[in-house]
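What follows is a single structure, written as structure tokens, with notes after it.
The values are calculated or read from the model by the stated rules, or taken from the named source; none is laboratory data. None of the values given here were measured: they were computed from a predicted structure. Cβ atoms come from the backbone with ideal geometry, glycine included; neighbour counts cover every protein chain shown.
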Amino acid sequence: MSEQAIKKVLITGANGFIGGSLMRYYQNQDQDVVGVDLVGNGDDIVEGDISQPDTISQQLQECDVIIHTAALVSNAMQDSDMWRVNVLATRNLIQAAKEHKVRRFVQISSIVAYGNTAEGEINETHPVHADGGSYVLTKLASEHVVLSEQTNDEIEVVIIRPGDAYGPGSRPWIIAPLEAIAKNQFMLPEKGEGFFRPIYIDDLVRGIAMASGHSDAAGEIFNLSCKGYMSTKEYFTPHYNWLGKKGPMLVSTKLALRISAIASKLADLMGNLNEASPSTVKQLSTKSWFSIKKAERILGWKPEVSFEEGMKVTHQWAKRQGLLEK
């Protein structure tokens, strides 16, 4: 494995699920690292706005690798907000990174880039497809922004497409489902037979770090997911068990889309967001999974935490957070 020495890593979205986990990983490795987020902590996370990179010019000057995790992750927010944060801010950040001679820019994208209608096993050469709402579209556009900035070889670019990342702190796949199940407001489309591709956060972070420091990763796109897939019913059944409830509630995709569309309209009227939107329904109905052979071949990476082990740790965390109290 060809490792490049890293002077200092800058992580955007450092208060988030993936960003915060990366911060802890690098600190445990005694790697010099600084985080950036809209709210700082007066210590290792600096207050800054990536859409205005001059607010973090000192940090950009000091680092040689940026891992860009900051993004709005939502299937319900306004298109304009998603575009402003996920695309325009990414463009501003990578352009500033080039000005400050940052060597490598690692963009955290998503496997949603392949679209919700893709089927079968998908590798990194599969065409991307914007059939999944604003989140999918802005993830695609942010990849385009990053790839277009490496055309004159002034900066190395790496794109990571994580699978369905779960573990302590995961809002979409742990916290939000538990909250909805507790209120009896959770259902699975495709009668629970959609494909889920869980990757435990520690495995994902290790893969991101390996891609950030590997000389052969420059200019590459990597799927970081599990081997194969499981059904959504298999993934969400433990959530019900933790809460002492029977389930999951299984419905047809057609019915789920109808219910989610009504719920989204009601949420709009009340000024709320309904993350169980039609886009989420389509995401949970997908029949695709992701090849990780490229990451295995180039990075020497593969997931090491079993689903049972990952869910055991997550269950203990959820208990401590009071998420399982009725």
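Can you say whether GLY48 is touching a helix residue (DSSP H, G or I) at 6+ places or on another chain (Cβ under 7 Å) and either modelled with pLDDT of 95 or more or closer than 30 Å to PRO189 by Cβ (or both), as far as the supplied structure shows? Considered against the rule, which asks whether it is touching a helix residue (DSSP H, G or I) at 6+ places or on another chain (Cβ under 7 Å) and either modelled with pLDDT of 95 or more or closer than 30 Å to PRO189 by Cβ (or both), GLY48 comes out as no.
Go through PHE196, PHE186, PHE236 for me and flag whichever is under 20 Å from TRP317 (Cβ atoms) and modelled with pLDDT under 95.
PHE186
Counted as qualifying within the range 165-250 are no helices (runs of 4 or more DSSP H), as none has 2 or more residues that are on the phi > 0 side of the Ramachandran plot. When ILE6 is tested against (1) buried (at least 20 other Cβ atoms within 10 Å of the Cβ); (2) closer than 17 Å to VAL158 by Cβ, just one condition goes unmet, and that condition is (1). Screening the range 14-86 for helices (runs of 4 or more DSSP H) wholly inside it with 3 or more residues that are touching a Gly at 6+ places or on another chain (Cβ under 7 Å) and not hydroxyl-bearing (Ser, Thr, Tyr) returns the ranges 17-28.
Within the range 83-134, restricting attention to residues that are of a type in the set (Ser, Thr, Tyr) and buried (at least 18 other Cβ atoms within 10 Å of the Cβ), which residue is farthest from ILE221 (Cα to Cα)?
Filtering the range 83-134 for residues of a type in the set (Ser, Thr, Tyr) gives 90, 109-110, 114, 117, 125, 134.
Then keep just the ones that are buried (at least 18 other Cβ atoms within 10 Å of the Cβ); that gives 90, 109-110, 114, 134.
On the way: THR90: 17, SER109: 10, SER110: 11, TYR114: 13, SER134: 21 Å.
Applying the filter and picking the extreme gives SER134.
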